[in-house]
Amino acid sequence: MDGWIVTVALSRKGGDDEEYRHITYAVAVADPGEAAKMIIEDSGAKAAMLNCPIEEGQLQMLGVKPGEFIVVSDEEVGPIISRPKRH
């Protein structure tokens, strides 16, 4: 199963200017709308951006199975690989 790379922006607290933290996920769901919905529900973001499709082999290298997703980059922590989450 192919999937999607999805990014969300979450508002950071503090200061007069609103700042955002960006988190990027690899999602093992073929339907782009479902991939975005999963990430919005998990992150609490108001919207998600589909960056590009990701191939099954790449998802397997990350250890992501169908119906799961994983954080591949978190601006606050730097590039990371977390454990896959099942939806």
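Run the numbers for Ala47 and Leu10: contour at 0.36 nm per residue of separation, minus the present Cα-Cα distance, in nm. Before the final figure, lay out each step's value.
Numbers: separation 37, 0.36 × 37 = 13.32 nm, distance 0.94 nm.
Full extension of this stretch gives 12.4 nm more.
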Projected label distance in nm at Asp2 and Glu55, using a 7 Å step from Cα toward the beta-carbon: 1.0
Where region 1-75 is the region considered: accessible area per residue in Å², 1.4 Å probe: 57
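The values are calculated or read from the model by the stated rules, or taken from the named source; none is laboratory data. Computed from a predicted structure; not experimentally measured. Neighbour counts are summed over all protein chains in view; Cβ atoms, including those assigned to glycine, are modelled from backbone coordinates with ideal geometry. Ligands, DNA and RNA are stripped out before the accessible areas are found, and what is left, the full protein with its side chains, is counted by its heavy atoms. Shrake-Rupley method; radii C 1.70, N 1.55, O 1.52, S 1.80 Å.
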